[in-house]
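The values are calculated or read from the model by the stated rules, or taken from the named source; none is laboratory data. Since we're looking at a predicted model, the values are computed, not measured. In this analysis, Cβ positions are derived from the backbone assuming ideal geometry, glycine residues included, and neighbour counts consider all displayed protein chains.
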Amino acid sequence: MIAESWAVTIDRRPEDVFDFVADLHNEPRFNPDASNVVKTSDGNIGLGTIYPQDVKRVGSYTTTIDRFARPAMLGFDARNPKCDALVRFTFAPAGEATDVGCSIELTFKGFQRLFEPLLRGKIVDEIEGTAAGS
């Protein structure tokens, strides 16, 4: 497993930041590796919302919101045949801004697990680069 976390302060209210992150249609705006994001579940965005999406170098994921406590906590469970990802966000008021914390756990499967030690540094660098661009 590869685990990484980061934090950033965003000059918006927690509710606004939470809503932006919860709608995965926005992910390509802060994660250049994400594309073709589609909401396939019915209803409003919330617990159980499903988004198939493509992620460069890893392939297609089915991503499900598995934690939803607006505006404080949000979680995604993303699965594909090569690698599963658990992504956890926290949102805390910081005056007129929001402190955002994010942790990511990647679990490679099958043959891919053999390459995990070689990929660790590159993946951590990419996660940190995406966080810096937030």
Original post:
Could you give every pair whose Cβ atoms fall below 9 Å, whose first residue belongs to segment 1-17 and is within 29 Å of T107 (Cα to Cα), and whose second residue is exposed (fewer than 13 other Cβ atoms within 10 Å of the Cβ) and small (G, A, S), counting only separations of at least 6 or pairs across chains?
Top reply: W6/A132; V8/A132
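So which strands (runs of 3 or more DSSP E) stay within segment 53-134 end to end and still have 1 or more residues that are at pLDDT below 95?
Values: elements: 59-69, 73-79, 83-94, 97-108.
Because the criterion is at least 1 residues that are at pLDDT below 95, the strands (runs of 3 or more DSSP E) in segment 53-134 that meet it are 59-69, 83-94, 97-108.
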